[in-house]
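Inspection log for the structure reproduced underneath, given as structure tokens.
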Amino acid sequence: EKAGFDHFMLKEIYEQPKAYRDTMGSRIDESGTKVVLNEVKMTAEQVKSIQQVHIIACGTAYHAGLVGKSIIEKLARIPVETDVASEYRYRSPIITPNTLVIVVSQSGETADTLAALREAKRCGARVVAITNVVGSSVAREADDVIVTWAGPEIAVASTKAYTSQLIAFYLFGLYLAQTLGSQEAEYIASVVSELKELPAKVEQILEQGEAFKDWAEQVASHNNLFFIGRGLDYAVALEGSLKLKEISYIHSEAYPAGELKHGTLALIEEGVPVIALAIQDDLFEKTVSNIKEVKARGAYVFGLHAEGETELVKAVDQVFSIPHTLPLLSPALSVVPLQLLAYYASLARGNDVDKPRNLAKSVTVE
Ligand code: F6R
């Protein structure tokens, strides 16, 4: 059942290229220049009436929602807020009939997410669900459902569900942009074409999977470390940090790289590992200067960059590269080494990778 892999988590990490392809599936038209989302039944008028988007989810799905916010704001130019479901419900969110609420849930059964969906509907908002389970509670109660075709996810730590949620957000963001005319057709075609390249690029990362094992073994001897990044790199840092905590039980914190000097820099001392994501081209210089700040305090820095960006080598202690893509699409690649890092660190510590302590796969209590 693990198809030759030692754990479900590793199997599911390696299933990601297929999960990307299946989730894109027939949702890209034959010319390869446009998205077709037949399952979304909104009329063009309804799409044009959207004044704000709220993305609601928990845990890893929330982290996908943080990337979703950037995707929709960039492609559709509509303001987006992303909230943790258990917070959203209790903060009297301003939900109007012109609010589009997107709930993200792998299982489709998370109690807080479901309750937030119901609250949104009660306020007259339209609800789109991104879920991996056809026929789940969330899927049944939402107005529109975008299914992520990741296949069953068994490991408690979510991997392929998260990345397929990102793919769903790219598709939905492009659909909104097409309907609203917020982007040139040429630009949309270029994003679609890069999107189609992602599965092969994930395969390239997975081919060097063993390299991340060595990295994880170095990290596994520490009890405390940091992930830093800016923009979408920060959103991915949050997911990398959660994954590491969840299965290796190593404490880590994800921080926006530019924010360190407002307090957290005090925790950086000799030998503290810092995992720095410097993938975003437009933020590269800024991130490098933040890396220099932690290096100057003795941090041991592992850098992650896009192929061809050789400058990072000089600024860090060790460097890993991933294939180049559009900055907007990079989370779908940069998270993969972090999933492998968490997996191998958990393994190095002798933990039960697929069933971490204190956690359940589906959280149906509030
Ligand atoms: C972490 C993880 C959890 C889930 C969260 C939401 O690896 O899996 O954080 O993402 O419990 O679950 P779903 O997506 O089923 O609503």
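The values are calculated or read from the model by the stated rules, or taken from the named source; none is laboratory data. Since we're looking at a predicted model, the values are computed, not measured. All Cβ positions, glycine included, derive from the backbone under ideal geometry; neighbour counts span all protein chains shown. With ligands, DNA and RNA removed, areas are computed over all heavy atoms of the protein, side chains included. Shrake-Rupley method; radii C 1.70, N 1.55, O 1.52, S 1.80 Å.
Between the amide H of THR82 and those of ILE55, distances stay under 5 Å, these residues lying 5 or more places away or on another chain, with hydrogens modeled in the peptide plane.
Each Lys and Arg adds +1 at its Cβ and each Asp and Glu adds -1 at its Cβ; summed about the Cα centre, the range 122-193 shows a dipole of about 240 debye.
Once backbone amide H atoms are built at 1.01 Å from N, ILE322 has HIS305, ALA306, GLU307 as its partners under 5 Å, excluding neighbours fewer than 5 places away on the same chain.
Would you mind checking LYS48/LYS121; LYS34/LYS74; LYS69/LYS292; LYS261/LYS314; LYS160/LYS213 for any pair whose Cα atoms are more than 24 angstrom apart? Write down the numbers at each step before the final one.
Values: LYS48/LYS121 19 Å; LYS34/LYS74 17 Å; LYS69/LYS292 29 Å; LYS261/LYS314 22 Å; LYS160/LYS213 19 Å.
Distance filter (> 24 Å) returns LYS69/LYS292.
Net charge of the neighbourhood of TYR249, taken over other residues with C-beta under 9 Å away and scored Lys/Arg +1, Asp/Glu -1, is +2. Separation of the range 1-76 and the range 319-366, taken as the distance between their Cα centroids, equals 18 angstrom. For the range 134-208 and the range 82-109, write down the distance between their C-alpha centroids in whole Å. Rounded to whole Å, the Cα centres lie 19 Å apart.
Straight Cα distances below 16 angstrom link LYS361 to the aspartates and glutamates GLU12, GLU109, ASP112, GLU153, GLU246, ASP352, with same-chain residues fewer than 8 positions distant left out. What does the charge count near ARG140 come to, summing +1 for each Lys or Arg and -1 for each Asp or Glu among other residues with Cβ under 13 Å from its Cβ? Around ARG140, the surrounding residues sum to -2. Ligands, DNA and RNA left out, the 1.4 Å accessible surface of the chain is 49% carbon and sulfur atoms.
Counting only alpha carbon atoms, the long axis of helix 111-122 and the longest principal axis of the chain meet at about 30°. For the range 218-225, 3J(HN,Hα) computed residue by residue from phi via the Karplus equation (6.51, -1.76, 1.60; θ = phi - 60°) reads 5, 5, 4, 8, 9, 10, 7, 7 Hz, glycine and proline entered as x. Across the chain, C-alpha contacts under 8 Å between residues 6 or more apart give a mean separation that, scaled by the residue count, equals a relative contact order of 20 percent.
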